[in-house]
Structures are given as structure tokens and as C-alpha cells.
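The values are calculated or read from the model by the stated rules, or taken from the named source; none is laboratory data. Note that the coordinates shown come from a computational prediction; the quantities given were computed from them, not determined experimentally. Note: areas computed on protein heavy atoms with side chains; ligands, DNA, RNA excluded. Shrake-Rupley method; radii C 1.70, N 1.55, O 1.52, S 1.80 Å.
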Amino acid sequence: QVRRGLRTPQLPIWLCSLAGRHGVLFGTDSLLLSDWKAERVFHLYFYSGQREQRETARLRIDTHSHPWEEDPGEGPSSPGERRPSLEMAIRTKWAGATVHWNGTEPFF
């Protein structure tokens, strides 16, 4: 039997299966679970344990960005523009969010 505290996480965490590979997407701000105002700009971390990932990726998510604030080649729905699967998975929760990889080369 699962204990009560294990059924309700204290921090946001998602197990991801992207392109047949698994990883963990998580946040360190517990307000993401209870306060919609915390969903404006926040950080999520992704770790897959894959060889090509040397350290946990720190992603900055901006749910209220505007298209004119993005880099010219970064339109999330530009025709012919391929986005990393991880970004697309994040956008299933926060549609239209801008994902900044903070210097990490996008993978997945």
C-alpha cells in the first residue's frame, strides 16, 4: 500500500517517455502545484541518464512570452521548424510557452 505522502508529491515531477527514452522533468518550486501565478516564469530541470547528457538540464519556462520577444529562428510553431520533443512535451501542459535551454544544447 502506498503511503499518503507518496501519492501527493511536494514538488512538481513528471516521468517522461520521449522518442522511446525515459527521463525525469521536475521543478524545485512547490508553488507550481498550488499557485497559478507561479506559472509565469519558472525553472524546470530534466535528467535522462543518457550518455550524451553530462549534467541536469536547467530550463527556463516563460508561459507569457510574446512571439516578438523570441529569437527570429525560434518560433514554436514555424512551418518546417523542428522543436525538441522535450519542449513539445512541456507545451502539452503550458501551451505556447517559450523554453530557454540556458546554454545547454537541446537534446531529445
Residues whose placed amide H lies under 5 Å from that of residue 65, excluding near-sequence neighbours: 98
Per its Cα gyration tensor (rounded if a/c is under 1.5, else prolate when a/b beats b/c, else oblate), region 1-54 is best filed as oblate
Roll a 1.4 Å probe over the protein chains and send me the accessible area per residue for region 2-61 in Å². 74
